[in-house]
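A.B. asks: The structure that follows is given in the form of structure tokens.
Derivation of every value follows stated rules applied to the coordinates shown; laboratory data play no part. From a predicted model like this one, the values you see are computed outputs, not experimental measurements. Every residue, glycine as well, gets a Cβ built from its backbone with ideal geometry; the counts of neighbours run over all protein chains shown.
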Amino acid sequence: MIAELQTWLTSGNTSLTLLCVGIVLLSYLLEDLAIATAATLSANGDLLPSLALMSIFIGIATGDLGLYVLGRYTRKVRWLRYRALSNSSFKVIRQKLTQRAFANLFLIRFIPGLRTIGFTLSGFLAISLPVFFSAVLLATSIWTLLVFTLIYQVGSHVFMSLSELKWLLIPVAFGLLFLMNRFLNKSFTRGMS
């Protein structure tokens, strides 16, 4: 049954479209899992690396842009804008995010837990869209290419291509990325206090 599912998913143009759309949708939920899945599919020969990377970039870029747009629209909610702009803690965050916006947005991409709030606040604070998008795309490119290449290289190794354990690469890679994100988040939080 698994072999039949794999054959159906990887044969024909329709299935490639479904795989690409699946990666885009998965990137909306869990970006690192989408990268690990796309790299493993590419290493297995089921999806061209260029299509896999394009799908990941489309998913991550549109997701980040969606957060920015959400922030822009929440700015129109009068009571929310009043609460945010009159809050003393928010003033500090606004100052830090708007000063050197490009550098701060670039760093936010690499700090787990800050992407959603940071990118939404960027829209709320009306940070220039070109500054936002260029910082996010540069950071996303670096992170995605690094992780994708590493997983692709491991998955392409002769041992992995001959082994039935190759599909364990996705949960193992995702688990390692999750642990690394937790470690970075704790390290960053410890440095803030």
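A.B. asks: Quote to one decimal, in nm, the extra length available between L29 and L48 on full extension: 0.36 nm per residue of separation minus the C-alpha distance between them.
C.D. replies: The L29-L48 span can extend by a further 4.6 nm.
A.B. asks: Moving to a separate point now. Working out 0.36 nm times the residue gap between V69 and L179, then minus their Cα-Cα distance, what length gain in nm do you get to one decimal?
C.D. replies: 36.6 nm
A.B. asks: Return the long-range amide H neighbours of L30 (sequence gap of 5 or more, or a different chain), with a cut-off of under 5 Å between placed amide H atoms.
C.D. replies: none
A.B. asks: Right, another one. Compute the length gained on full extension between V131 and L146: take 0.36 nm times their separation in residues and subtract their Cα-Cα distance, giving the result in nm to one decimal.
C.D. replies: Once the chain is fully extended between V131 and L146, it gains 3.1 nm.
A.B. asks: Go ahead and run the numbers for FRET between V172 and T17, Cβ-Cβ distance against an R0 of 25 Å, rounding to 0.05.
C.D. replies: That pair, V172 with T17, gives E of 0.35.
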